[in-house]
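Only the coordinates and a few stated rules stand behind these numbers; no lab work does. Computed from a predicted model, the values in this text were never measured in an experiment. Here Cβ is always computed from backbone atoms with ideal geometry, including for glycine, and neighbour counts include all displayed protein chains.
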């Protein structure tokens with residue numbers, strides 16, 4: 001399982017990466033019990049499927065943390 005580096009650096013939480021949705025599109029990020037915690041990917045994707053493929057294949061870019 002992969003964990004969010006930004007979530008760990010800024011929130012001190014080890015949260016698993018997953019595909020999330022915003023008004024800008026789908027992205028790779030983390031959730032905590034209150035909702036979205038961090039956006040980890042630089043990219044936004046037009047579909048959940050493309051974002052999941054990027055996560056599964058490691059073809060996404062980590063945002064600076």
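Relative contact order of the chain, taken over Cα pairs closer than 8 Å and 6 or more residues apart, is 29 percent. The order of 59, 30, going from fewest to most other C-beta atoms within 10 Å of their C-beta, is 59, 30.
Each label point was placed 7 Å from the Cα along the Cα-to-Cβ direction; for residue 31 and residue 64 their separation is 3.0 nm. Go through (i) 70; (ii) 53; (iii) 26 and flag the label whose value is the computed percent of Cα pairs over 18 Å apart for this structure. Answer label, from the structure shown: (iii). Round to the nearest 0.05 the FRET efficiency obtained for residue 50 and residue 14 when R0 = 25 Å and r is the Cβ-Cβ distance. The calculated FRET efficiency here is 0.45.
With neighbours defined as other Cβ atoms within 10 Å of a residue's Cβ, the residues 19, 42 order from fewest to most as 42, 19.
Rounded to the nearest 10 degrees, what's the angle between the helix 48-57 long axis and the longest principal axis of the chain, both from Cα atoms, 0 to 90? Rounded to the nearest ten degrees, it is 70.
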